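*Asks:* Shown below is the structure under consideration.
The values are calculated or read from the model by the stated rules, or taken from the named source; none is laboratory data. This structure is a prediction, so every number in the text was calculated from the model and none was measured. Backbone-built Cβ (ideal geometry, glycine too); neighbour counts: all protein chains shown.
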Amino acid sequence: MIKIEVDLGDRSYPIHIGSGALANISTNTKVESRQIMVVTNETVAPIYLERITNAFADRIVKTVILPDGEEFKTLDNLNVIISALLEYEFDRSCTLIALGGGVVGDLTGFSAACYQRGVDYIQIPTTLLSQVDSSVGGKTAVNHRLGKNMIGAFHQPTCVVADTATLSTLDQRQIRAGVAEIIKYGLISDPEFFEWLETELENLLRLDAECLAYAIRRSCENKVAIVARDERESGVRALLNLGHTFGHGIENVLGYGEWLHGEAIACGICMAADLSVRMNLLSTAEYERILSLISRAKLTLLPPVGLNPKELATAMYKDKKTRGGRIRLVLLRGIGDAFVCDDYPDSEFQAVLNCGRASNQQ
């Protein structure tokens, strides 16, 4: 079992990573609350819900089971959770448990942030993407039809338990989507990790236990290092958005749930790399390495055929990272050297939206 500490002073918490971590869930989480609300979805509940509720059989445990999918990360489902808490008369000492992927984690975390001005919650991520990214760092949100994650709060969990054995139930599409976020960490600030991924990608995709544990640990360590320096994204934490402004725009225009989040982020990374090359920041050789790795992961390099560039630009301008009418993008000076930029040629930005350079790679 691997334990990583997220150092945020009085909001610090552990991340437990390992196969079989759910077997000791009550010990790992150290929940003291008398009242526990487990939030999960229709896919995960039949597999793991009973195990979690049995672990806390000596408490008052209630459950909320939501539909599965990004399109359900809405205020309506936030209200479902809040209403259940009120109907069961949960007080401020209660604890919520998010059992599922990123959608469940975001909804549960935001509910915990809102309910009676803030209660405890625990993350039990069951997808690769949520284990390496969304369960760590305290970002919680729901989507709006005009923008992704536009309604939310920073609210740190009290614990994260990532049982790698839960990933065995995922299909390859979900695994590949999680790998997109793993690749992101290498590109932001960890070139050695990127090189490791170039060597071990196929082993990671087939869920080799040793590779999987290493990739999750290294990803979490990279994210924890940034979050500890900038919890509320006033500076360096913005680097974690590599590929996300493009990606969120794609998700919004297509309709939430059409592409998995990680699929959109992989495409967004390629678009950010494309713009970096056009600005003579990133070498062609490194650009090719990025495209090659993402392609080997069987992730899409280009936005879907027929996506309107003007609609994509409009969605991106509504992104919460826009400042003074300029979209702030995370670009690359090299593999492992990301930076935030709003000073880019509009003509080159438009060319990327039209897939000018990336289309030549197909």
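*Asks:* For segment 281-307, which residues satisfy the criterion of being of a type in the set (A, V, I, L, M, F, W, C) and either touching a Gly at 6+ places or on another chain (Cβ under 7 Å) or closer than 16 Å to Arg333 by Cβ (or both)?
*Replies:* Leu281, Leu282, Ala285, Ile290
*Asks:* Only residues that are free of Cβ contacts under 8 Å to residues at least 60 places away in the same chain, within 16 Å of Ser295 (Cα to Cα) and surrounded by 23 or more Cβ atoms within 10 Å (Cβ to Cβ): list them for segment 180-203, please.
*Replies:* Ile182
*Asks:* Out of Leu282, Leu301, Leu293, I need the residue that is aliphatic (A, V, I, L, M), in a loop (DSSP other than H, G, I, E, B) and under 24 Å from Thr127 (Cα atoms). Which one?
*Replies:* Leu301
*Asks:* Any chance segment 84-102 includes a residue that's assigned by TED's automatic domain parsing to the domain that holds Leu128, of a type in the set (D, E, K, R), in contact with a strand residue (DSSP E or B) (Cβ under 8 Å, 6 or more places away or on another chain) and surrounded by fewer than 22 Cβ atoms within 10 Å (Cβ to Cβ)?
*Replies:* Within segment 84-102, one or more residues are assigned by TED's automatic domain parsing to the domain that holds Leu128, of a type in the set (D, E, K, R), in contact with a strand residue (DSSP E or B) (Cβ under 8 Å, 6 or more places away or on another chain) and surrounded by fewer than 22 Cβ atoms within 10 Å (Cβ to Cβ).
*Asks:* Of all residues being part of a helix (DSSP H, G or I) and touching a residue at least 40 places away in the same chain (Cβ under 8 Å) in segment 110-129, which is farthest from Ile82 (Cα to Cα)? Just the residue, please.
*Replies:* Filtering segment 110-129 for residues that are part of a helix (DSSP H, G or I) and touching a residue at least 40 places away in the same chain (Cβ under 8 Å), the one farthest from Ile82 (Cα to Cα) comes out as Leu128.
*Asks:* Take segment 207-253 and flag every residue that is under 24 Å from Gly9 (Cβ atoms), aliphatic (A, V, I, L, M) and within 15 Å of the chain's Cα centre (by Cα).
*Replies:* The answer is Val224, Ile226, Val227, Ala238, Leu239, Leu240.
*Asks:* For segment 1-102, which fully contained helices (runs of 4 or more DSSP H) count at least 3 residues that are over 20 Å from Asp133 (Cα atoms) and touching a residue at least 60 places away in the same chain (Cβ under 8 Å)?
*Replies:* The qualifying helices (runs of 4 or more DSSP H) are 75-87.
*Asks:* Can you pull out the residues in segment 230-255 that are part of a loop (DSSP other than H, G, I, E, B) and over 12 Å from Asn149 (Cβ atoms)?
*Replies:* Asp230, Glu231, Arg232, Ser234, Gly235, Leu242, Gly243, Gly255
*Asks:* Being closer than 16 Å to Gln116 by Cβ and modelled with pLDDT of 95 or more narrows it down to one residue among Thr53, Thr95; which is it?
*Replies:* Thr95
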